[in-house]
1. Which distance in Å, rounded to a whole number, links the C-alpha centroids of segment 3-72 and segment 99-130?
2. If we restrict to alpha carbons, what Rg and Dmax does the chain come to, in Å?
3. What net charge do the residues around Val91 carry, taking every other residue with its C-beta under 11 Å from that of Val91, with Lys and Arg at +1 and Asp and Glu at -1?
4. By the scheme Lys and Arg +1, Asp and Glu -1, what is the net charge of all other residues having a beta-carbon under 13 Å from that of Ile67?
5. Output the relative contact order of the chain, whole-number percent, from Cα pairs under 8 angstrom with separation of 6+ residues.
6. Given the Cα-Cα distance of Asp21 and Asn159 and 0.36 nm per residue of separation, how much length would full extension add, in nm?
7. Over the residues of segment 1-104, compute the C-alpha Rg and express it relative to 2.2 N^0.38 Å.
8. Looking at the chain as a GNM with Cα springs under 10 Å, which of Val14, Val147, Val91 has the largest mean-square fluctuation?
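Here, each number is a calculation from the coordinates, and none is a lab measurement. For clarity, every value in this text was computed on a predicted model and none was experimentally measured. Here Cβ is always computed from backbone atoms with ideal geometry, including for glycine, and neighbour counts include all displayed protein chains.
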Amino acid sequence: MLNVSACLVTRGDVDMNLITDSLIKAGIDEIIVYDNSKRQDLAVYGRYAAIAEARNTLIYTQDDDCILPPESIEEIVWTSDSGGDAYGQLVCNMPPEFSAQPFYKDAALVGFGACFHRSLPETAFSRYTHADTGLFRRRCDIFFTTVTPHVNINVPVRNMWWSEDSSRMWKQSNHLTERQGMLELALKVRDS
């Protein structure tokens, strides 16, 4: 059993059973699903709000539209739980088609699987001083990974069929503009 809390976020419109089953098979001992349809809608930030309910020091997260085999989850967790000063480092699964993009020179994805010490998001987000909470709630992953040192690895992940649905965030017309704006803001904060 891994002493890890999985903190997942969903809009509440997809079946989470395959995802939670894969986490159980990987030995994750606690799964918290922040369902935006049943709670205050915090968008992506719901995954970080769920940390308040977690009992473990290490936090694992992924999106609600992909699935990782247990071996991938275990490798992400083991890389984060490497001991010594690096314990709980932010580890992000970055498939090559993403890691090769210039945008991800500074930012990373947490949606294909990530693990980190529970204190890292709060440390990063305490540096966000801008008023636009809607943008922050949708794009907080970019801010988190840009201002937090991270390690990227590449382990297998499979998208679920609904990852291509037109309602997905990456399919929205403002996706690239919002994403770039948050990256620029995060770089200013990180480098100040």
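1. 16
2. 15.4, 44
3. On the way: positive: none; negative: Glu75, Asp81.
Result for the neighbourhood of Val91: -2.
4. Numbers: positive: Lys25, Arg158; negative: Asp15, Asp21, Asp63, Asp64, Asp65, Glu71.
Local net charge: -4.
5. Values: 341 pairs, mean separation 43.2, N = 192.
Relative contact order here is 22 percent.
6. Numbers: separation 138, 0.36 × 138 = 49.68 nm, distance 1.55 nm.
Gain in length upon complete extension: 48.1 nm.
7. Numbers: Rg = 13.9 Å, N = 104, 2.2 N^0.38 = 12.8 Å.
The reported ratio for this selection is 1.08.
8. Among Val14, Val147, Val91, the largest GNM mean-square fluctuation belongs to Val14.
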